[in-house]
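Enquirer: This is the structure I have questions about; it appears just below.
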Amino acid sequence: MRSRLLLSTVGIAVLVALLLGVPMAALLDRLAYETARSQAERQAVSVGLALEPALVSGRVPTPALLEAIVGEQERLTLVTSSGRTITGGTVEGTAYTVTAPGPVGTQIQLTISDDDVRREIRRSWAALASLAIFGIAAAVVLALVQSRRLGRPLLRLQRQAERIGAGDFTAAAPRAGLPEIDAIAIALDDTATRIAGLVKAERSFSANASHQLRSALTGLLLRLEHLSEHEDPEVRAEAEAALGQGDRLLTTVEELLLLARTGRAGEQRPVDLRTLAGEHVEDWRD
């Protein structure tokens, strides 16, 4: 039961982590790029403001000037009103581009490497994964605590049932403070009480029956022994035959009483049915 509870809890925790974590990771990815683009757009507007005096006076910025304005892994492209394109700076690898209107009818295109964005996304994913792992670990700890809380009372009930099976009806089943398990414990105590009453009644009956049957059979056998010393041979023969049957009857009674007390029959021996049937036929003929 403990292993099933642990596996089911861990499975549910992992499923919840996936159902929440995957959409959250996609949302963090999208949010990181949107934030980066928003910052890049503000940067492009700032570049336009910085270039406005020169553009208003009719001077066209050089590529070197544009490269000096942007940072590393950034590329700035200025498209004049006449369609002329001036570019400064270099970008390696994947990147994203934003466009902002500039002064005097120009357009400013700012291309930035997404290395920083990807690095931020990886940090967000790592934090999300750490949170998921922490949640799964907490679920495992909770499952272990609950499995022990449920498993120990059930183990005690099992031991109590084993004691009842062994014949100990005196000990009461322990209570666990859980309604369902305590109901089982109460039912087990009631069962033990009923079984104890039945066993007591059976033992009392066995003792009384043993005394009554043995007394009657003993008296009968004594009278038969007295008749076995009779002068008449036929009387002696009948008495001896009756003594044999009485001994067998006494043995049968002892075995039945043993079976009633212990649930175990006496020693079992093979019986020749032909011989037994012949003995009974002879008795009936006589």
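Enquirer: Checking a compactness column here: for the chain, what do you get for Rg(Cα) / (2.2 N^0.38 Å), N being the number of residues?
Expert: 2.67
Enquirer: Let me ask you something else. Can you work out the FRET efficiency for the pair THR251 and VAL14, with r the C-beta to C-beta distance and R0 = 45 Å, to the nearest 0.05?
Expert: 0.05
Enquirer: While we're here: How high is the FRET efficiency from ALA26 to ALA137, r the C-beta distance, R0 25 Å, rounded to 0.05?
Expert: E(calc), rounded to 0.05, equals 0.55.
Enquirer: Per 0.36 nm of contour for each residue apart, how much would the distance between ARG149 and THR97 grow if the chain were fully extended, relative to their Cα-Cα spacing?
Expert: 12.8 nm
Enquirer: If I take every Cα pair under 8 Å that is 6 or more residues apart in segment 2-139, average their sequence separation and divide by the length, what percent do I get for the relative contact order?
Expert: RCO, segment 2-139: 27 percent.
Enquirer: By how many degrees, between 0 and 90 and to the nearest 10, does the Cα long axis of helix 179-227 differ from the longest principal axis of the chain?
Expert: Tilt of helix 179-227: around 10 degrees.
Enquirer: Quick one: if the Förster radius is 25 Å, what FRET efficiency do GLU34 and VAL60 give, using the C-beta to C-beta distance and rounding to 0.05?
Expert: 0.15
Enquirer: A follow-up question, please. Which of the trypsin sites (Lys or Arg not before Pro) found in segment 16-69 are loop residues per DSSP with 12 or fewer other Cβ atoms within 10 Å of their Cβ?
Expert: Loop-located and lightly packed - ARG59.
Enquirer: Once you sort the root eigenvalues of the Cα gyration tensor of segment 2-139 as a ≥ b ≥ c, which label holds: rounded (a/c under 1.5), prolate (a/b larger than b/c) or oblate (the other case)?
Expert: Prolate, since a/c reaches 1.5 and a/b exceeds b/c.
Enquirer: So how far apart, in nm, are the two label points at THR275 and ASP115 if each is 7 Å from Cα heading toward Cβ?
Expert: Distance between the two pseudo-spin positions: 10.6 nm.
Enquirer: So if I place +1 on the C-beta of Lys and Arg and -1 on the C-beta of Asp and Glu, and nothing else carries charge, what would the dipole magnitude of the chain be about its Cα centre? I want it in debye, nearest 20.
Expert: 2080 debye
Enquirer: Between HIS230 and THR170, what is the spin-label point distance in nm, taking each point 7 Å from the Cα along the Cα→C-beta axis?
Expert: Here the answer is 5.5 nm between the modelled labels.
Enquirer: Give, in nm to one decimal, the length gained when the segment between LEU221 and VAL104 is fully stretched (0.36 nm per residue of separation minus the Cα-Cα distance).
Expert: Gain in length upon complete extension: 28.2 nm.
Enquirer: Here's something else I'd like to know. At LYS200 and GLU41, where each label point lies 7 Å from the Cα along Cα→Cβ, what is the point-to-point distance in nanometres?
Expert: Placing both labels 7 Å along Cα→Cβ, they lie 9.0 nm apart.
Enquirer: If you take the charge dipole of the chain about its Cα centre, with +1 on Lys and Arg Cβ and -1 on Asp and Glu Cβ, which of LEU227, THR77, LEU157 is farthest toward its positive end?
Expert: Selected residue: THR77.
Each reported figure results from applying straightforward, stated rules to the coordinates on display, with no laboratory input. All values derive from a computational prediction rather than experimental measurement. Backbone-built Cβ (ideal geometry, glycine too); neighbour counts: all protein chains shown.
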